[in-house]
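Below is one structure, written out as structure tokens, with a few remarks after it.
The values are calculated or read from the model by the stated rules, or taken from the named source; none is laboratory data. These numbers were taken from a predicted model, which means no experiment stands behind them. Cβ sites come from the backbone with ideal geometry, for glycine too, and all protein chains shown count toward neighbours. With ligands, DNA and RNA removed, areas are computed over all heavy atoms of the protein, side chains included. Shrake-Rupley method; radii C 1.70, N 1.55, O 1.52, S 1.80 Å.
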Amino acid sequence: KGGPDKQGKVKKVKEKKEKKAKAPKAHPSSKAGPGFTVSLTDESLVVVANINKKGHAYTTCGLRAGDVLVRIEEKQVANMNLNEVKTNLVAKSGTVLRIDLDRPAVAEAGEGSFADWLASAHGVQETIYAGAYSANVILEFGPLVKSIKSGKPVQRGESAQLSLSMADSQVKRELFFVAGALQPLCKLLTDPKAAAQVHSGIKSLQNMLRVSMWDDLSIALSAMGKPLVQMIEKGGLAKKMIAMDLLLRIALYPPTHRVLMASGLLEALLALPKGIIPLALPKLTPKGWKAGKKVTGLEAKAAMLVGQLARMDDATRARINSPSNDGV
């Protein structure tokens, strides 16, 4: 109680309630799915419904629509309701879930079904294989990539750092790339407001590009590095300078070097007539010599980058020095 007021009444002092500390929000990548949805049949069986045809479950594990889920890790699906099944199929990106399934003797035809796959790929109208099988499904990297793409720089940097532990094998690195991770990482690394996140971004980029040294890679190296090369070809001078500084930091890393060389970086720097360095050189025209574009400082960085690329191997040096290489 407080002291008396002018009327002699005693004031009551309100006690401040302590605010409960909010529990930290789970990272978006902790809610990754397996690349397919499930539904309940009339016989109360949980089956694969719609499935992502580009996902690991479809392309590598061979799951098809209509397959019956029997067990998730050590838990029997028969003892769960549909919501519990869905909950057990969700975890952080890159998690490997062991799923036991059963394929009916004759699968119903339909887009994404096993029968549809056999019909389109092999001209077979009915399922040949049937029975129990197991699959180690890697949960999708889409939520992780989305968190690198949007939000504040600090949050995007944290997501890039998380990718180091989630994309920790060659298969997972490829899936991380296929999920579209390269473009958001490039944007993060060339964002002037994200200077403090550059270290995390480069670590994530280099970890992902380790997949380029894998012999069984299903992605063309030229396609993998194209966004990196385009950073110095498109946009204003300030962005190109930031991008060039980034390439200077990663060019001596063997996996990145391999990707950059396959994606046409040398041509972007040196090839006639529109390479970065040739554009600044004088040109011989029918009316005589004409001055090149005004030197901006980008050309000196380009020359340093060529030097770094040349340090890596004999094949790169031969390519740079070849007189038949369109001006390179």
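What the table below lists for this structure:
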item: Amide proton proximity set for MET231, modelled H, under 5 Å, gap of 5+; result: none
item: Dipole magnitude of segment 139-217 about its Cα centre (Cβ charges: Lys, Arg +1; Asp, Glu -1), debye to nearest 20; result: 380 debye
item: Computed [θ] at 222 nm, helices only, for the chain once each DSSP H run of length n ≥ 4 contributes -39500 (n - 2.57); result: -11500 deg cm²/dmol
item: Calculated FRET value between SER134 and LYS54, using beta carbons and R₀ = 30 Å, to 0.05; result: 0.85
item: D_trans [Stokes-Einstein, Kirkwood Rh over alpha-carbon pairs] for segment 232-316, 10 °C, 1.306 mPa s, µm² s⁻¹; result: 116 µm²/s
item: Protection proxy ranking, peptides 30-41, 62-73, average beta carbon neighbours within 10 Å, highest first; result: 62-73, 30-41
item: Calculated FRET efficiency for the pair LYS203/ALA303, C-beta based, R₀ 22 Å, to 0.05; result: 0.20
item: Residue of GLU299, GLU158, GLU18 that the Gaussian network model of the chain assigns the largest fluctuation, springs spanning Cα pairs under 10 Å; result: GLU18
item: Residue-span extension gain [SER39 to TRP289] - 0.36 nm each, minus C-alpha spacing; result: 82.7 nm
item: Accessible surface ranking that places the most exposed of ILE99, ILE276 first, with a 1.4 angstrom probe; result: ILE276, ILE99
item: DSSP-defined beta bridges in the chain - what % are antiparallel, rounded to 5; result: 95 percent
item: Calculated log₁₀ intensity ratio I(q)/I(0) where the Debye formula runs over C-alpha points of segment 151-286, q = 0.11 Å⁻¹; result: -0.41
item: Low-density loop positions, trypsin sites (Lys or Arg not before Pro), segment 227-328 - DSSP coil, at most 16 other Cβ in 10 Å; result: LYS234, LYS274, LYS287, LYS293, LYS294, ARG311
item: Estimated D of the chain in µm² per second, where Rh is the Kirkwood radius over Cα pairs and Stokes-Einstein applies at 20 °C, 1.002 mPa s; result: 90 µm²/s
item: Solvent-accessible area per residue for the chain (1.4 angstrom probe, square angstrom); result: 58 Å²
item: Net charge contributed by nearby residues that have their C-beta within less than 15 Å of ILE72 (K/R +1, D/E -1); result: -2
item: Which listed pairs, of LYS54/LYS234; LYS25/LYS226; LYS146/LYS234, have C-alpha distances above 27 Å, in listed order; result: LYS54/LYS234; LYS25/LYS226
item: Kirkwood-type radius of segment 153-220, with distances r between different C-alpha atoms, in Å; result: 12.0 Å
item: Separation of alpha-carbon centers, segment 211-271 and segment 47-92, rounded to whole Å; result: 38 Å
item: Efficiency of FRET from Cβ geometry, ILE320 and SER30, R₀ 35 Å, rounded to 0.05; result: 0.15
item: Rg(Cα) / (2.2 N^0.38 Å) computed for segment 215-254, rounded to two decimals; result: 1.36
item: Selected from ALA130, ALA160, ALA91 as most flexible by GNM, with the chain as the system and alpha-carbon contacts under 10 Å; result: ALA130
item: Sulfur and carbon atoms: percent of accessible area, the chain [1.4 Å]; result: 55 percent
